[in-house]
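Here's the structure we're looking at; comments come further down.
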Amino acid sequence: MRPPELDPIDVALLTNRLKTTPFAQGEIQYLPTTGSTNDVARDLAEKGAPEGTIVIAESQTKGRGRLDRTWHSPPGAGLYFSIVLRPQLDPSDLPKITLLAGIAVAESIEETTGLHPLIKWPNDLLLEGKKVAGILTELYGDITSPYVILGIGINVHTRREEFLPELQKIATSLAMAGGQNISRANLMQAMLTHLGRWYEIFKKGVFQPILDAWRKRCVIIGARVKILSGEKELEGTIVDVDVGGALLLRDQSGQIQRILSGEVIRWKK
Ligand code: BTN
């Protein structure tokens, strides 16, 4: 365990930065520990919390990832937060939010550490081929007033032995990848700026710049992959991502398959 005071999260500083972003209506709730910041943010949103409401926790006891996985969240080792978004949204546009968040995470890491993360569709941020951050995008509410809880987890100071044994070969942290003097407060400030910028573009209904930025970082475009999508296992070559945020895979018979959700279980360039 690492005392959070070694790399404190300055909530007043972050609140000031928040006010200069499109999330200015929101407030930051900082919790020493909680179950899952996505659940706390959802409760707040149900009670009417505005867009830009952010929940940050030092640790989570029930941190969640996609596909019902656990997001291991030891104190002081990472950045774990969720933000309430209230976009005009067609449910089929949800993957676009995951994509833009991936770009914002990559840019924030780059700006504060000099490391260069790549993205593995749909939501994995990789350094040296290992996962350093993940994004959990959840849609709630109804068709007339939908809201999104965007949860982001970044492994910042985590040491190899702090990861569960089954994750040690596939997970990394900014510190393990060589990041020096990393400040979670700086990383979080950068997150607010980059997320705000890309979210504004998304809200204008413009997706091409998001797609272009995402493509540049995607490790699996052009790769041969095996993908688990629901019950189906698909093999082929990734051709592109389309304007809906879906992955386009050319299968063995030459057909293009459009994949909206799933997990890349193997890839080779
Ligand atoms: C994934 O890679 O599957 C997504 C991981 C998302 C983890 C973050 S940590 C903050 C927020 N609260 C959660 O319970 N999950 C997300």
Which count do you get for residues in region 17-41 that are among the charged types (D, E, K, R) and either over 22 Å from Gln88 (Cα atoms) or within 11 Å of the ligand (Cβ to nearest atom) (or both)?
2
Which of the residues belonging to region 147-169 are open to solvent by less than 60 Å² (accessible area, probe 1.4 Å), farther than 19 Å from Thr112 by Cα and either of a type in the set (A, V, I, L, M) or at pLDDT 95 or above (or both)?
Tyr147, Val148, Ile149, Leu150, Gly151, Leu167
Do we have any residue at all in region 42-58 that's more than 9 Å from the ligand (Cβ to nearest atom), hydroxyl-bearing (Ser, Thr, Tyr) and surrounded by 19 or more Cβ atoms within 10 Å (Cβ to Cβ)?
yes
Failed item in (1) closer than 30 Å to Ser73 by Cα; (2) crowded, with 16+ Cβ neighbours inside 10 Å; (3) touching a strand residue (DSSP E or B) at 6+ places or on another chain (Cβ under 6 Å); (4) not hydroxyl-bearing (Ser, Thr, Tyr), with Leu248 passing the rest
(1)
Hey, could you check region 107-122 for residues that are open to solvent by 10 Å² or more (accessible area, probe 1.4 Å) and within 14 Å of the ligand (Cβ to nearest atom) and say which is nearest to the chain's Cα centre (by Cα)?
Pro122
Find the residue count for region 77-103, including only residues that are closer than 20 Å to Ala41 by Cα, open to solvent by less than 10 Å² (accessible area, probe 1.4 Å) and within 15 Å of the ligand (Cβ to nearest atom).
11
The number of residues in region 182-227 that are out of contact with any helix residue (DSSP H, G or I) (no Cβ under 9 Å at 6 or more places or on another chain), outside any helix (DSSP H, G or I) and surrounded by fewer than 19 Cβ atoms within 10 Å (Cβ to Cβ) is 8
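The values are calculated or read from the model by the stated rules, or taken from the named source; none is laboratory data. Everything numeric here is computed off the predicted structure, so don't read it as measured data. As a convention, Cβ positions derive from the backbone with ideal geometry for all residues, glycine included, and neighbour counts pool all protein chains shown. Side chains included, ligands, DNA and RNA excluded: accessible areas come from the protein's heavy atoms. Shrake-Rupley method; radii C 1.70, N 1.55, O 1.52, S 1.80 Å.
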